[in-house]
Amino acid sequence: MCTNIVYEWLRTLQLSQYAESFVDNGYDDLEVCKQIGEPDLDAIGVAVPQHRRRIHEAVRRLKEADETAAGLYFTLEPVP
């Protein structure tokens, strides 16, 4: 069984049974997972409609987290 960030992500979604198939199909990083669409889920073997919805919702949250983080920045300045 694979142990990487995608496995952990799927485990939190209670969908860890798909982890090996995700990695085998090239989805071994969350950045890549953000691109998942319906044909990808077919190729991965996610046939259960509820599982597909759960993955799509999680992908949406990943994308939203990126948009939120993109608006944040910081600078390193010496403390007076």
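Observations, loosely collected:
- In this simple spin-label model, placing a label point 7 Å from the Cα along the Cα-to-Cβ direction at both ASP24 and ARG11 gives a separation of 2.1 nm.
- Once the Cβ-Cβ distance of GLN35 and GLU57 is raised to the sixth power relative to R0 = 22 Å, the FRET efficiency obtained is 0.90.
- Integer Hz, Karplus 6.51/-1.76/1.60 couplings in order for region 35-52, x for Gly and Pro: 9, 5, x, 4, x, 5, 5, 4, 5, 6, x, 8, 9, 6, x, 5, 5, 4
- Around ASN4: net Lys/Arg minus Asp/Glu count, Cβ-Cβ under 10 Å: -3
- With every protein chain in place, region 5-69: carbon and sulfur % of accessible area (1.4 Å): 49
The values are calculated or read from the model by the stated rules, or taken from the named source; none is laboratory data. Bear in mind that the values here come from a model prediction, so they are computed numbers and not experimental data. Note that each Cβ is placed from the backbone with ideal geometry, even for glycine, and that neighbours are counted across all protein chains shown. Ligands, DNA and RNA are excluded from the accessible area calculation, which covers all protein heavy atoms including side chains. Shrake-Rupley method; radii C 1.70, N 1.55, O 1.52, S 1.80 Å.
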